[in-house]
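I have placed the structure first, in the form of structure tokens, so that the comments after it can refer back to it.
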Amino acid sequence: MVCTVTLNPALDCYLAPARLVPGEVNRYGEPRFLPGGKGVNVSLLLHSLGEDTLAMGIAAGFTGRELENMLRQAGCRCAFFYLPQGDTRLNLKLMPPGQPETALNGEGPHIPEETMVRLEEHLAAVLREGDILVLSGSLPGCLPPDTYIRLARTVPRNVKVVLDTAVPALAAGLKAKPFLVKPNLEELGALLDLPLKKEKDILQGAKQLQRMGARNVLVSLGRRGALMVPEKGKPLLRAALPGREVSSVGAGDSMVAGFLHGWMQSGRIDTALDWGLAAGAATAFQQGIAKGEEVEKLYKEHFSSRARK
């Protein structure tokens, strides 16, 4: 099983105004609401790919109830712990035609210590040796940077931990020696405080994360593809799949889901990377998280012949 933890989930509201002019009244058509948060996205795609997954997290208010309702309607198992006050954040994604995508993301409600204890107890109860724990997304401002280490130490020793977050939580979480970390280029550069423009610099940056505790490092490079630096074996650089990008929202999370699907199906890092690229592209080519059949279609088109070798 893959258990994802999203401490700061959201309802994502997509708006497509005909134009977006600051200081003026801008009109849009029917809004589209989708469940959001990095761990939520990972669970949604893993479920669609046929994997056993449980989406855990902390929610609040009417937005939190609607988030969980949408996940259950999609068939995804959930275990959210509700706060006594506040609301799960509502993120606005503004997508006017011909203009860059603009996101307005909220901070999320305050999380009391007793809620974190309940979450830890449930994690310890549901996870078994051989399971995978995905800790991803931003931390609410009320939680310290070492929160993900705390959660990782709650679970059995042989549970594989996947970490996908930004600094400072990323820097702190490396001390848990995660099985996989997946920074994007911006997050990797921020962590190391270095400009990473050349491939050799990105490679050295990924290796530095391994020296800091990560076992396997997957760097998503957007239109440039992805770089995989495995615990064993040679680094793998893959080009991005050809296609028209519609939205980058959730593409990195989909890459994590695809990678884990490929890993669980094959036990091979190279195959897992191919699945990750297919999943990331499938989501980038549309609005919202891709379906499993869309990922499988891209994988068969671009990688199935390699998998047969």
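A few notes on this one:
- Residues located in the stretch 230-260, provided they are touching a Leu at 6+ places or on another chain (Cβ under 9 Å) and under 20 Å from Val161 (Cβ atoms): Pro230, Asp253, Ser254, Met255, Val256, Ala257, Gly258, Phe259, Leu260
- Residue count for the stretch 112-136 under the criterion of being touching a residue at least 40 places away in the same chain (Cβ under 8 Å), open to solvent by 10 Å² or more (accessible area, probe 1.4 Å) and in a loop (DSSP other than H, G, I, E, B): the result is 2.
- Residues of the stretch 32-62 that are farther than 20 Å from Met1 by Cα and open to solvent by 10 Å² or more (accessible area, probe 1.4 Å): Arg32, Phe33, Leu34, Pro35, Gly61, Phe62.
- Filter pass, Leu241 being farther than 22 Å from Lys177 by Cβ, surrounded by 23 or more Cβ atoms within 10 Å (Cβ to Cβ) and touching a residue at least 24 places away in the same chain (Cβ under 8 Å): no
- Among the residues of the stretch 141-191, those identified as within 16 Å of the chain's Cα centre (by Cα) and part of a loop (DSSP other than H, G, I, E, B) are Thr165, Ala166, Val167, Pro178, Phe179, Lys182, Pro183.
- Some residue of the stretch 174-187 being open to solvent by 60 Å² or more (accessible area, probe 1.4 Å) and within 30 Å of Val126 (Cβ to Cβ): yes
- Within the stretch 140-155, residues that are polar (S, T, N, Q) reach partners that are open to solvent by less than 20 Å² (accessible area, probe 1.4 Å) with beta carbons closer than 6 Å, at six or more positions or on different chains, in the pairs Thr154/Leu123.
- Residue ranges of helices (runs of 4 or more DSSP H) in the stretch 214-309 with at least 3 members modelled with pLDDT of 95 or more and over 21 Å from Leu196 (Cβ atoms): 251-266, 269-284, 292-302
- The residue that is farthest from Ala290 (Cα to Cα), among those in the stretch 206-245 that are out of contact with any Lys or Arg (no Cβ under 6 Å at 6 or more places or on another chain) and of a type in the set (Gly, Ala, Ser), is Gly233.
- Test for Gly50: is it in a loop (DSSP other than H, G, I, E, B), under 21 Å from Ala257 (Cβ atoms) and touching a His at 6+ places or on another chain (Cβ under 9 Å): yes
- Scanning the stretch 214-229 for residues that are open to solvent by 10 Å² or more (accessible area, probe 1.4 Å) and touching a Leu at 6+ places or on another chain (Cβ under 9 Å) gives Arg215, Ser220, Leu221, Gly222, Arg224, Leu227.
- Of the residues making up the stretch 241-294, those that are more than 15 Å from Lys38 (Cα to Cα) and of a type in the set (D, E, K, R) are Arg244, Glu245, Arg268, Asp270, Asp274, Lys291, Glu293, Glu294.
- Considered as a group, the residues in the stretch 138-158 that are in contact with a strand residue (DSSP E or B) (Cβ under 6 Å, 6 or more places away or on another chain) and open to solvent by 10 Å² or more (accessible area, probe 1.4 Å) include one that is modelled with the highest pLDDT, and that residue is Ala152.
- Cβ pairs under 9 Å, 6+ apart, first in the stretch 174-202 and acidic (Asp, Glu), second open to solvent by 100 Å² or more (accessible area, probe 1.4 Å) and in a helix (DSSP H, G or I): Glu199/Arg224
The values are calculated or read from the model by the stated rules, or taken from the named source; none is laboratory data. These numbers come from a predicted model, not from an experiment. Here Cβ is always computed from backbone atoms with ideal geometry, including for glycine, and neighbour counts include all displayed protein chains. The accessibility values were calculated without ligands, DNA or RNA, using every heavy atom of the protein model including side chains. Shrake-Rupley method; radii C 1.70, N 1.55, O 1.52, S 1.80 Å.
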